[in-house]
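Novice: Sharing a structure here in structure tokens format.
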Amino acid sequence: MTPATVKSGQPVEFQVSAADVNHGFGIYDENLVLIAQTQAMPGYTNKLIHTFDKPGKFKILCLEYCGLAHHVMITELTVE
Amino acid sequence: MSTTEVSSKIEYSDSENRNALIAVKSHLIAGLLVFLLMMLAGLAMRAAQGTWLEIGADLFYQIMTVHGAGVVGAAMITSTGVQWYFLRQYVRLSNGVFWTNFFIFLTGVVLILGSIFVGKYGGAWTFLFPLPAISMGAWSAGAAAAFQLGLLIIGVGFLILYLDFGRAILARYGSLARALGLTQLFGKEPVNYKHPAAVVASTMVLIVNFMGIAAGAVVLVMGLVNLFYPEFKPDALLMKNLIYFFGHVVINATIYASVIAVYELLPRYTGRPWKTNKPFYAAWFAIVFMVMGVYPHHLLMDFPMPTWALITAQVLSFGSGLPVLVVTGYGALMIVYRSGITWSTSAKLLFLSMFGWAAGVIPAILDAMVTVNRTFHNTLWVPGHFHFYLLLGLLPMLIGFAYFLAGEGDRKERPKAVDSLGFYAYLIGAFMTSMVFLASGANSIPRRWAVHLPEWIGFAQAGTIAASLVVLGMLLFITRALISLPGANNPR
């Protein structure tokens, strides 16, 4: 995911796609609350616009079953 | 055609009836046993998520795959047993075709089990394209093919059975519209309160399942072609639409097939007839379109979907299920009220199914709203909603029918202590299982994760305890069914 850092207080457009199979792109806040999501699909780019109202370390979790590594698809997003 | 002719029952020879009863019992026993095994699989998954059971991620996802496919298959074969038992009383159905579908189903089950436990296929029962073909070495193309071929074979068997349903209904009623009660609804024929509800419901199930299974066959064939000719790449969004149309229709149709048990058995237990009327026909007519039109609510997070499809799905979702639910729930209340009904286990289960179906609508409607779906989609809210429907709506209809056939319908047996223990263990366990799933989803816990983060483990442990109660209740039900069903006479 690039970039891994975005700014709070302004809309961020996530362009979400998938190179192999279907995935889900779920944004979780620091309390592990799901705040926004879209699907990630081969051949399509989903545009998800979200405005973070505070800085912090957010998590991106896969929300569509994608195979045996589904539950390890976690990455971090820093909001400044 | 006179009213009497339309309502009278079909006569079969004694040998045909004996054979038919064995066939129905085979469907029930096979289906309920699969349900029990799938509940054990569900319990194992919840225990693994709750860190009480150690299983590898690969096995977890294989269990998850068999759980999904197994429950849908068991729901289809058992509900078809219920539906066929009653429908054959009004239209002349073929025992041979019924058995043919059963054995085709078993063949498909063998293929699916082989693909999962021999071929290590773990691509989930929804086989979301192109996952079956891209496993990163976890399973072979052959395993994925066996799984999809198994589903395809099962679908073909059901299509053959529905052809027999269609032939028999047309032979008796002349048109599907007449069988659905539309000629009465639109005033072309006088209202016949004795027009069988089983025929109305079966006609609806026949129409939607034919469409749903045909869509499933198309997507399965495209998936199979892609496995061996990867240069053939169908559009992922088109495949997703076809898969969810197929899956949504097929699983929903099981409850519409099984509700026939409510229409047929509550009148026996209360001594009051179930009268069909214009609102009843209108509700079943509406649900034909609603069941087929709402599936895009599974695709609300797929932003390339046309806006009109998503809006239509959301609007239909608010009302989907309600028409039939209202006429059935209201009818059930009216037929039971001050009837002096004997609360056998069968009657209790059939009445419980009305609650499960009615209450199960609420989480379904919530999740179909775009604003809610944004944070509930693909969380454990989703299994929460369908476990509510299946455990408290569908299964009580199926088990209630099994109790009817096992003796309560004929000998008017009173519930034994073990039946009551089974009923309450199942009721509490099923309600808790569903509520823990819903609470987990409301707390953002994703579905289909083999390993849960530490913050989520408490929910999974509560779910494990709940699932244990479901298994206990089901074990008691199954034991009773296995002891009493094989030798039971056909209730008069």
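Values quoted throughout were computed directly from the atomic coordinates according to the rules given, and no laboratory measurement underlies them. Remember, predicted model here, so these are calculated numbers, not experimental data. Using ideal geometry, Cβ is built from the backbone for each residue, glycine included, and neighbour counts are taken over all protein chains shown.
Novice: Given H placed on each backbone N at 1.01 Å, which residues far from B:Ala450 in sequence or on other chains put an amide H within less than 5 Å of it?
Specialist: Amide H neighbours of B:Ala450, under 5 Å, 5+ apart: A:His71.
Novice: Classify the stretch A:5-79 from the C-alpha gyration tensor, please: rounded if a/c falls under 1.5, else prolate or oblate depending on whether a/b exceeds b/c.
Specialist: On the way: a/c = 2.53, a/b = 1.46, b/c = 1.74.
Judged from the Cα gyration tensor, the stretch A:5-79 comes out oblate (a/c at least 1.5, b/c at or above a/b).
Novice: Calculate how steeply helix B:345-367 sits against the longest principal axis of the alpha-carbon atoms of chain B, using the helix alpha-carbon long axis, and give the answer as 0 to 90 degrees to the nearest 10.
Specialist: That helix lies at roughly 50 degrees to the long axis.
Novice: Amide H of B:His195 versus every other amide H placed in the peptide plane: which residues, excluding those fewer than 5 positions away on the same chain, fall under 5 Å?
Specialist: Amide H neighbours of B:His195: B:Thr276.
Novice: Using helices alone, I'd like the mean residue ellipticity at 222 nm for the protein assembly as shown: each DSSP H run of four-plus residues gives -39500 (n - 2.57), total over residue count, nearest 500.
Specialist: It comes out at -20500 deg cm²/dmol, rounded to the nearest 500.
Novice: Just to check I understand the Karplus step: with θ = phi - 60° and J = 6.51 cos²θ - 1.76 cosθ + 1.60, what whole-Hz values come out for the stretch B:177-189, glycine and proline as x?
Specialist: Here the 3J(HN,Hα) series is 4, 5, 5, 6, x, 5, 5, 6, 4, 9, x, 7, 9 Hz.
Novice: While we're on this one: For the stretch B:3-484, build the charge dipole from Cβ charges (+1 Lys, Arg; -1 Asp, Glu) around the Cα centre, then report which of B:Phe401, B:Gln314, B:Thr80 sits farthest towards its positive end.
Specialist: Sorting the options by dipole projection puts first B:Phe401.
Novice: Evaluate the relative contact order of the stretch B:3-484 (contact order divided by residue number), counting alpha-carbon pairs under 8 angstrom at least 6 apart; express in whole percent.
Specialist: That works out to 17 percent.
Novice: Next up: How would the protein assembly as shown be classified by its alpha-carbon gyration tensor: rounded, prolate or oblate, with rounded meaning a/c under 1.5 and the a/b versus b/c comparison settling the rest?
Specialist: On the way: a/c = 1.73, a/b = 1.64, b/c = 1.06.
Prolate is the answer for the protein assembly as shown, as a/c is 1.5 or above and a/b outweighs b/c.
Novice: A follow-up question, please. Using θ = phi - 60° and the Karplus curve 6.51 cos²θ - 1.76 cosθ + 1.60, what whole-Hz ³J(HN,Hα) does each residue of the stretch B:92-104 get, with Gly and Pro shown as x?
Specialist: Taking θ as phi minus 60°, the curve returns 7, 9, 8, 4, x, 5, 4, 5, 4, 4, 4, 6, 5 Hz for the stretch B:92-104.
Novice: Follow-up question, since we're still on this one. Roughly how many debye, to the nearest 20, is the charge dipole of the protein assembly as shown about its Cα centre, given +1 on each Lys and Arg Cβ, -1 on each Asp and Glu Cβ, and no other charges?
Specialist: Rounded to the nearest 20 debye, it is 1700 debye.
Novice: Another question, if that's okay. Can you list the HN-Hα couplings for the stretch B:324-341, worked out from phi with the Karplus curve (6.51, -1.76, 1.60; θ = phi - 60°), rounded to whole Hz and with x for Gly and Pro?
Specialist: Karplus values, whole Hz, x for Gly and Pro: 5, 4, 5, 5, 6, x, 5, x, 5, 4, 5, 6, 8, 4, 6, 8, x, 4.
Novice: Follow-up. Over 22 Å between Cα atoms, which of B:Lys9/B:Lys275; B:Lys348/B:Lys416; B:Lys188/B:Lys278; A:Lys57/B:Lys240; B:Lys278/B:Lys348 qualify?
Specialist: A:Lys57/B:Lys240; B:Lys278/B:Lys348, as the Cα separations exceed 22 Å there.
Novice: Shifting gears a bit: Mark the label point 7 Å from the Cα of B:Val451 along Cα→Cβ and return the residues of the stretch A:23-62 whose backbone N is within less than 15 Å of it.
Specialist: A:62, by backbone N distance to the label point.
Novice: At what distance in nm do the modelled label points of A:Ile35 and B:Phe318 sit from each other, each positioned 7 Å from its Cα along Cα→Cβ?
Specialist: 3.0
Novice: Is the C-alpha gyration tensor of the stretch B:167-278 telling us rounded, prolate or oblate? Criteria: a/c under 1.5 is rounded; beyond that, a/b larger than b/c is prolate, otherwise oblate.
Specialist: Since a/c reaches 1.5 and a/b is larger than b/c, the shape of the stretch B:167-278 is classed as prolate.
Novice: Now, a different point. Which net charge results for the neighbourhood of B:Asn19, defined as the other residues with beta-carbon distances under 13 angstrom from its beta-carbon, given Lys and Arg at +1 and Asp and Glu at -1?
Specialist: That works out to +1.
Novice: Could you work out how far the C-alpha centroid of the stretch B:420-446 sits from that of the stretch B:87-143, in angstrom?
Specialist: 28
Novice: Taking the Cα centre of the stretch A:5-79 as origin, sum charge times position over the Cβ atoms of Lys and Arg (+1) and Asp and Glu (-1), and report the length of that vector in debye to the nearest 20.
Specialist: On the way: 5 positive and 7 negative charges, 28 e Å.
Dipole magnitude for the stretch A:5-79 comes out near 140 debye.
Novice: Under 8 Å for C-alpha pairs, at least 6 residues apart: give me the relative contact order for the stretch A:5-79, rounded to a whole percent. Walk me through the numbers on the way to the answer.
Specialist: Working: 175 pairs, mean separation 28.0, N = 75.
Dividing the mean separation by the residue count of the stretch A:5-79 yields 37 percent.
Novice: Report, in degrees rounded to the nearest 10, the 0 to 90 angle that the Cα long axis of helix B:236-258 makes with the longest principal axis of chain B.
Specialist: 30
Novice: Would you grab the residues whose amide H sits under 5 Å from the one on B:Leu53? Only those 5+ places off in sequence or on another chain, please, with H modelled 1.01 Å from N.
Specialist: Amide H neighbours of B:Leu53: B:Ala48.
Novice: Can you give the percent of C-alpha pairs in chain B whose distance is more than 32 Å?
Specialist: Distances greater than 32 Å cover 39 percent of the Cα pairs.
Novice: What whole-number distance in Å separates the alpha-carbon centres of the stretch B:246-284 and the stretch B:147-173?
Specialist: Taking the Cα centre of the stretch B:147-173 as reference, the centre of the stretch B:246-284 is 20 Å away.
Novice: For the stretch A:1-57 and the stretch B:183-237, what is the separation of their C-alpha centers, rounded to whole Å?
Specialist: For the stretch A:1-57 versus the stretch B:183-237, the Cα centre distance is 37 Å.
Novice: May I ask you to compute the full-extension gain from B:Lys194 to B:Met136, defined as 0.36 nm times their residue separation minus their alpha-carbon distance, rounded to one decimal in nm? Before the final figure, lay out each step's value.
Specialist: Details: separation 58, 0.36 × 58 = 20.88 nm, distance 5.84 nm.
Length gained, B:Lys194 through B:Met136: 15.0 nm.
Novice: So how much slack lies between B:Phe186 and B:Lys416, counting 0.36 nm per residue of separation and subtracting their Cα-Cα distance, in nm?
Specialist: Details: separation 230, 0.36 × 230 = 82.80 nm, distance 4.78 nm.
Roughly 78.0 nm would be gained on extension.
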